[in-house]
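Student: Questions regarding the structure given below will be posed in turn.
Read-outs throughout are calculated quantities, based only on the coordinates presented, and are distinct from any laboratory measurement. A quick note: this is a predicted structure, and the numbers were derived from the prediction, not measured. So basically every Cβ, Gly included, is an ideal-geometry build from the backbone, and we count neighbours across all protein chains shown.
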Amino acid sequence: MHGTFDKNIRKDGASAPFYLPQADECDLFEAAHDNNLPLLLKGPTGCGKTRFVSHMAAKLGKKLYTVACHDDLSAADLIGRYLLKGGETVWVDGPLTRAVREGAICYLDEVVEARKDVTVVLHPLTDDRRILPIDRTGEELEAAPGFMLVASYNPGYQNILKTLKPSTRQRFLAMEFNFPAFDEEVQIVMQESGIGKDRAALLVRLAGKLRALKGQDLEEGISTRLIVYAATMIEKGMPVERAVQSAMIEPLTDDEDVKLGLNDLVAAVIG
Ligand SMILES: Nc1ncnc2c1ncn2[C@@H]1O[C@H](COP(=O)(O)OP(=O)(O)O)[C@@H](O)[C@H]1O
Ligand SMILES: [Mg+2]
């Protein structure tokens, strides 16, 4: 069966999570993987970064360890720690260590949220040494073949403190993500929610208008995720206006004046 491997099918036969490519990102991911290079995904929240990684992991038949980073996440959370088990202390690998040992993919979602000591452990892993020093056990782990580090972050937040240092970011291949083009986003919303084409197109058109307000009234453009939420609820029988209100207006702002303005916009688009 040489060369007949269907790329949409996992090597173990299960199908990969649905992901509609926007450009050549699947090829770039695969090339990064094949060449042992770490990859950084930049882009606004809810535009498909996490879905892309789970899709690619499945497509390549790889095990995926996903870590949602937060401001309390420390190097030990990634690497592992000694735990008390039945009166004995045993070492327990963290997700990064497991991925390094098994040659799996480790995905650090929103990596800039993590504590500073986390980036330090990434450095020896992201140059050609590909090692993970585990201070607590004295072990110096060499990454198994196939190990890949993927990280994502949202450069849009107006928070200068939360950005990656050049010394860290210049160790990754990087790729910019954005909201899908109109036709693609309509297709995604249909696929994810089961809604019909006309109504999906209406919601995506509305999202386009809301995104145009970014930087004026809204900090961030509305995500594909929220359009899918609205479509899902409409498909389940919720009135369009209520679904749009709860999925496409309320999550965007707390400012009453801004909300009024957004409602006018909704009325103009949906009628
Ligand atoms: N290209 C795409 N193909 C399929 N689904 C997508 C795509 N882009 C966005 N989505 C939808 O948007 C949702 C949010 O995407 P996600 O990957 O969680 O965003 P991010 O990680 O960028 O915040 C997904 O659950 C999926 O329903
Ligand atoms: Mg994500």
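Student: For the chain, what relative contact order do you get, as a whole percent, if you take Cα pairs closer than 8 Å and at least 6 residues apart?
Tutor: Relative contact order, the chain: 19 percent.
Student: Nearest 500 deg cm²/dmol is fine: what mean residue ellipticity at 222 nm does the chain get from its DSSP H runs of n ≥ 4 alone, each adding -39,500 (n - 2.57), divided by its residue count?
Tutor: Roughly -11500 deg cm²/dmol at 222 nm, from the helical runs in the chain.
Student: Relative to the first principal axis of the alpha-carbon coordinates of the chain, what is the inclination of helix 182-193, with its axis defined by its Cα atoms, in degrees from 0 to 90 and to the nearest 10?
Tutor: Around 80 degrees separate the two axes.
Student: What dipole magnitude, in Debye to the nearest 20, does segment 181-234 give about its Cα centre under +1 on Lys/Arg Cβ and -1 on Asp/Glu Cβ?
Tutor: 140
Student: What percent antiparallel are the DSSP beta bridges of the chain, to the nearest 5?
Tutor: If I count the DSSP bridges inside the chain, around 40 percent turn out antiparallel.
Student: Here's a follow-up. Quick one: helix 25-34 against the long Cα principal axis of the chain, what's the angle to the nearest 10°, folded into 0 to 90?
Tutor: Result, in degrees: 0.
Student: So how strong a dipole does the chain carry about its Cα centre when Lys and Arg Cβ are +1 and Asp and Glu Cβ are -1, to the nearest 20 debye?
Tutor: Value, rounded to 20: 460 debye.
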